[in-house]
1. Using 1/(1 + (r/R0)^6) with R0 = 41 angstrom and r between the beta carbons of B:ALA191 and A:ALA382, what's the FRET efficiency to the nearest 0.05?
2. Under a cut-off of 19 Å between alpha-carbon atoms, report the aspartates and glutamates in cross-link reach of B:LYS122, not counting same-chain residues fewer than 8 places apart.
3. Relative to the compact-globule scaling 2.2 N^0.38 Å, provide the ratio for the alpha-carbon radius of gyration of chain A.
4. Filter the DSSP H helices in chain A by two things, a Kyte-Doolittle mean of at least -0.5 and an axial alpha-carbon span of 30 angstrom or more, and list the hits by number.
5. If you rank B:LYS122, A:LYS394 by how much accessible surface each has, with a 1.4 Å probe, what is the order from largest down?
6. Given the DSSP H assignment, sum -39500 (n - 2.57) over each helix run of at least 4 residues in chain A and divide by its residue total; what's the result at 222 nm in deg cm²/dmol, nearest 500?
7. On each of the three principal axes of the Cα atoms of the stretch B:7-115, give max minus min coordinate, whole Å, ordered largest first.
8. GNM, chain A, Cα, under 10 Å: largest mean-square fluctuation among A:ALA277, A:ALA229, A:ALA162?
Amino acid sequence: MTMLQGFQIALHALRLNPLRSFLTMLGIVIGVASIVTVFAIGSGAQLRLQEQIRSIGANVLMITPGAVYQGGVRLKDGSKLTMTESDVQAILEQIPEIQAAAGSIAGTAQVIHEGKNWNTTINGTTTGHFMVRDWQLAAGRYFSATEEAGAGKVVILGSTVARELFAPGDDPIGAQIRIMKVPLEVVGVLDRKGPAQDDVAFVPLTTAKLRFLGSASNINRDSVAYIIAKVTADGQMAGARAEIANLLRQRHRIPAGQDDDFKVQDPAAAMEAQQGAIRTVALLLVAIASVSLLVGGISIMNVMIVSVTERTREIGIRRALGGRMRDIRLQFLCEALVLCLLGGAIGVAGGITLSMTVARMAGWVTSIDGQAIGLSLVFSIATGLVFGFYPAHKASKLSPIEALKTE
Amino acid sequence: MTAAAPLISLRSVSRTYRTEGVAVAAVRNVSFDIAQGEIVAVMGPSGSGKSTLMNMIGLLDLPSEGAVYLQGADVADLTEDRRSSLRARSIGFVFQSYNLLARHDAIENVALPLVYCGIARKERLARAEASLEAVGMLHRAHHFPRQLSGGEQQRVAIARALIASPLIVLADEPTGALDSRTGAEILSLFAALNRTGQTIVMITHDPGIAAQCRRTIHLHDGELVGDETQAPALPKRSAVS
Ligand SMILES: Nc1ncnc2c1ncn2[C@@H]1O[C@H](COP(=O)(O)OP(=O)(O)OP(=O)(O)O)[C@@H](O)[C@H]1O
Ligand SMILES: [Mg+2]
């Protein structure tokens, strides 16, 4: 008897009892579906993080406001903008490992072009920002020195904003848009960097301060909300970090023993750590899902043992008609395999559906992982072999004469 | 192997069952030959060892003592797998209770032994049709056993026994579950098969049926107590005994 014949017999037997067959494979279905879903959501989260890491740019340090003391009371981090444009200048000039740096302030506002409008992030910064983040233009140019110095009414759009405000054929360059009633000329459109990054409009730092955010009380003429700086080489990240900290402590006149009023962070490293955490959680969830696979395997073994007992006479007949022990074993093993493979296939389909539903409802990124699907199917086959073997072996060991005598 | 070797040969065959220390000798020291083309009835009271004997001839069981030879070869020397293959190709079983697979239709049941001969499905079904035709059951090919009468089921079972063109057909009370008219039809089917040269061994309780077989073997308490061959046509038999 060939493997193919084994599968034919198995399919025939399983079709006769579809409900029971389905219930038998339910454990496998659930196990495989959970594994596929966990993998899909986990690798989706990783992809999103990787995209963020890439969008920040290589070797980038980020300096944000830290704790501030007022009358001996420690205020919340970032409650006061402690960094200034002269800090940016000092970092650029005094630290040799820094090749570019830029300060930014940001807020949200509505941008309007003719009939269309869009709510987005307005980031006031200098051309250095794009250098730090290795962010190229899709069209147009960066800010000119005059525009940066003189609060020029110009704007560089992220690709999402450009897409929302302009029809596909329209050239945004040179067009007038309005932000908070201020008319601005679009001078550049940026390359795509990722959905979370592209929803932004950049204006010169001076423009942002004078025309949009100038009235806010916590903004003095010189402050910036955060600074990003690019380090020349990967190996110099730690050194540059320490030097920036030293420089800023001196400039901010922080006495020894008191906390920094700023934080120097390596966002890529932080996200990589986060990525490791996601991986660990995903593995843990997969381990839990595997338990369901194990339970599924045991349930298959259980049903198969009952089935062998029920079909003792059939086994006797097959043996009398020339079935070898190994043919009987193959027949029942094929049944277990078909149950597991079918359960695995249904589980994969269910897992894909589930993760796509989750993605739509929760707005998460998921990615269906071919490797996870392959792995689940391999697991299913292994489960079928391991838990199908004992019942199949038991069936093959039955004495044909005794088996023929049973009712 | 010489041409003179009989199809089946039993030499001092005994089969003893041991259950919980008690030994039951189901067959004791039985010797006889069956030649190609014979039709043999095996008679004896219930428990006299007929089925036990049949299982050994059919390679389902091995003697505790003595030897069973199939075409001159001691079947005990064969592997279990080889004996299984021989059952598929060379032995055709017919049972009192038909033993058809309830969940397969007639033609699938008939084709079953060919699965174990490694024959492809298309040829299996073609040969099963021919075999059903030979027992007059082709019109019931796609009926399930429960849709068939006892006599019809037994015909399907005979078609199954014949499909691999076996050396010998072994029938254990093939008419035992049938009324006498249907039984007679089955019997004449066997007689017709035998006329085409098919070797048949048939267990029966019915002296009327046994009378229609040229040769009758009598068992009593596991022992061979009679082996008669009727005139007129004496089958060719090996002179060696
Ligand atoms: N597996 C077994 N274990 C123990 N004893 C057995 C076994 N099989 C058969 N026997 C015994 O062997 C003897 C012969 O049994 P067998 O089935 O060959 O009789 P039989 O002639 O076919 O009877 P019947 O006409 O009722 O079918 C009986 O006494 C029976 O109890
Ligand atoms: Mg019997």
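The values are calculated or read from the model by the stated rules, or taken from the named source; none is laboratory data. Keep in mind that this is a model prediction, so the values were computed, not measured. FYI the Cβ positions are ideal-geometry reconstructions off the backbone, even for glycines, and counts take in every protein chain you see. Please note that ligands, DNA and RNA were not included when accessible areas were found on the heavy atoms of the full protein model with its side chains. Shrake-Rupley method; radii C 1.70, N 1.55, O 1.52, S 1.80 Å.
1. Once rounded, the FRET efficiency stands at 0.15.
2. B:ASP105, B:GLU108, B:GLU133
3. With N residues counted in chain A, Rg over 2.2 N^0.38 Å equals 1.51.
4. A:18-56, A:267-310, A:325-362, A:370-397
5. B:LYS122, A:LYS394
6. Theoretical 222 nm ellipticity from helices: -18500 deg cm²/dmol.
7. If we take the Cα atoms of the stretch B:7-115, the spans are 41, 32, 28 Å.
8. The residue with the greatest mean-square fluctuation here is A:ALA277.
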